[in-house]
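A.B. asks: Quick one: the structure is below, questions incoming.
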């Protein structure tokens, strides 16, 4: 497994997203996925306190167990917990409370990467950064990151950290895939590159669209992510997206590769990518994701992919 540096963390180039833990997977299913990932050389596990209202963190912590030393744990705070608006946001007192709660659920002493799940318009960013810096100084957090940030918010955060000499965000976790290239268009990727921040693409497989899981004109298979979220399915399963997927599938097949290898390999080839965060519900999916690295596209191939995905954006 290839690795990249994310601040002081050496992370696997493919990571596992924990949004299925405690939702579509029980304790046994979570343990099977986690063990398969570790066995495949994957060491980064990304979750959130809001996934399953804490159950994802609990099941991940239990699944890691004695193998905690092989893993890097990333989690997030800021999204609403249990429908209680008081358990959300990024005000300093909540940052500390949320961190303590996540540490307890995960059963660990330190969070390797602690991320603000989304911007909080009601709290000045410098206050949030100050609270996160204190957690780093106390040894409860090793690195900090943000998610769903705009280029302006990335610039603001770095300016605030530099001016005050405090811990800066090491990563940005935004929606990025061959079917959603907005981070390249709006300047997020450029901002991360300029400040040496790693990008953690989420939904890199477009909820399964980039694995060939779905068929044009047919309902999503039972148990799939889009089968369980009709509103999201409408955004993904449309003629525009299927047309792009069909072309990408042909492009990969003609070169002896799979659509999965193209989707993950394309993201991994970007130097700014720290780890491609892909969810999984089965051990074989984890192994397939981990094994998808290795296709190094030529410049001509990259240009062709750019042409095929020029209008790719999930609405």
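The values are calculated or read from the model by the stated rules, or taken from the named source; none is laboratory data. Everything quoted here is computed from the prediction, not taken from an experiment. No Cβ is skipped: glycine too gets one built from the backbone with ideal geometry, and neighbour counts run over all protein chains shown.
A.B. asks: Output the helices (runs of 4 or more DSSP H) that fall wholly within segment 232-315 and possess 1 or more residues being under 30 Å from residue 75 (Cα atoms), or say none.
C.D. replies: Fully inside segment 232-315 and qualifying: 259-268, 283-290.
A.B. asks: State whether the residues of segment 297-314 include one that is touching a helix residue (DSSP H, G or I) at 6+ places or on another chain (Cβ under 8 Å), within 28 Å of residue 33 (Cβ to Cβ) and surrounded by 22 or more Cβ atoms within 10 Å (Cβ to Cβ).
C.D. replies: Looking for residues that are touching a helix residue (DSSP H, G or I) at 6+ places or on another chain (Cβ under 8 Å), within 28 Å of residue 33 (Cβ to Cβ) and surrounded by 22 or more Cβ atoms within 10 Å (Cβ to Cβ), one finds none in segment 297-314, hence no.
A.B. asks: Can you name every residue in segment 284-296 that is crowded, with 18+ Cβ neighbours inside 10 Å and either without any contact (Cβ under 8 Å) to a residue 24 or more places away in the chain or within 19 Å of the chain's Cα centre (by Cα) (or both)?
C.D. replies: Passing the criteria: 285, 286, 288, 289, 290, 292, 293.
A.B. asks: A follow-up question, please. Being loosely packed, with under 13 Cβ neighbours inside 10 Å, more than 15 Å from the chain's Cα centre (by Cα), more than 24 Å from residue 250 (Cβ to Cβ) and without any contact (Cβ under 8 Å) to a residue 40 or more places away in the chain: is that true of residue 221 here?
C.D. replies: no
A.B. asks: Give the residues of segment 192-217 that are farther than 13 Å from residue 264 by Cα, outside any loop (DSSP other than H, G, I, E, B) and touching a residue at least 40 places away in the same chain (Cβ under 8 Å), sorted by residue number.
C.D. replies: 192, 193, 195, 198, 199
A.B. asks: Look at residue 189 and say whether it is in a helix (DSSP H, G or I) and within 18 Å of the chain's Cα centre (by Cα).
C.D. replies: Answer is yes for this residue.
A.B. asks: Sticking with this one: Just name the residue that is surrounded by the most Cβ atoms within 10 Å (Cβ to Cβ) out of those in segment 126-149 that are in a helix (DSSP H, G or I) and in contact with a strand residue (DSSP E or B) (Cβ under 6 Å, 6 or more places away or on another chain).
C.D. replies: My answer is 132.
A.B. asks: I'd like the residue in segment 150-181 that is in a helix (DSSP H, G or I), in contact (Cβ under 8 Å) with a residue 24 or more places away in the chain and out of contact with any strand residue (DSSP E or B) (no Cβ under 7 Å at 6 or more places or on another chain) and, out of all such residues, is surrounded by the most Cβ atoms within 10 Å (Cβ to Cβ).
C.D. replies: 161
A.B. asks: Just to verify a result, which residue in segment 49-60, among those that are farther than 10 Å from residue 21 by Cβ and touching a residue at least 40 places away in the same chain (Cβ under 8 Å), is farthest from the chain's Cα centre (by Cα)?
C.D. replies: Of everything passing the filter in segment 49-60, 54 is farthest from the chain's Cα centre (by Cα).
A.B. asks: Can you find, within segment 110-123, the residue that is nearest to residue 16 (Cα to Cα) among those that are touching a residue at least 24 places away in the same chain (Cβ under 8 Å) and assigned to a loop (DSSP other than H, G, I, E, B)?
C.D. replies: The extreme case among them is 117.
A.B. asks: Could you check residue 64 against (1) in a helix (DSSP H, G or I); (2) more than 19 Å from residue 281 (Cβ to Cβ) and say which number it fails?
C.D. replies: (2)
A.B. asks: What are the pairs with Cβ atoms under 7 angstrom where one residue, in segment 76-103, is part of a strand (DSSP E or B) and the other, located anywhere, is modelled with pLDDT under 90? Sequence gap at least six, or different chains.
C.D. replies: 81/87; 81/88
A.B. asks: Among the residues of segment 93-105, what is the count of those that are crowded, with 16+ Cβ neighbours inside 10 Å and out of contact with any strand residue (DSSP E or B) (no Cβ under 6 Å at 6 or more places or on another chain)?
C.D. replies: Residues that pass the stated criteria total 7.
A.B. asks: Then there's this: Kindly evaluate residue 66 against the criterion of being more than 17 Å from the chain's Cα centre (by Cα) and surrounded by fewer than 24 Cβ atoms within 10 Å (Cβ to Cβ).
C.D. replies: Considered against the rule, which asks whether it is more than 17 Å from the chain's Cα centre (by Cα) and surrounded by fewer than 24 Cβ atoms within 10 Å (Cβ to Cβ), residue 66 comes out as yes.
A.B. asks: Select from segment 77-87 the residues that are surrounded by fewer than 23 Cβ atoms within 10 Å (Cβ to Cβ) and within 15 Å of residue 114 (Cα to Cα) and list them in ascending order.
C.D. replies: 79
A.B. asks: A follow-up question, please. Would you be able to tell me the number of residues in segment 1-38 that are part of a helix (DSSP H, G or I) and touching a residue at least 60 places away in the same chain (Cβ under 8 Å)?
C.D. replies: Qualifying residue count, segment 1-38: 6.
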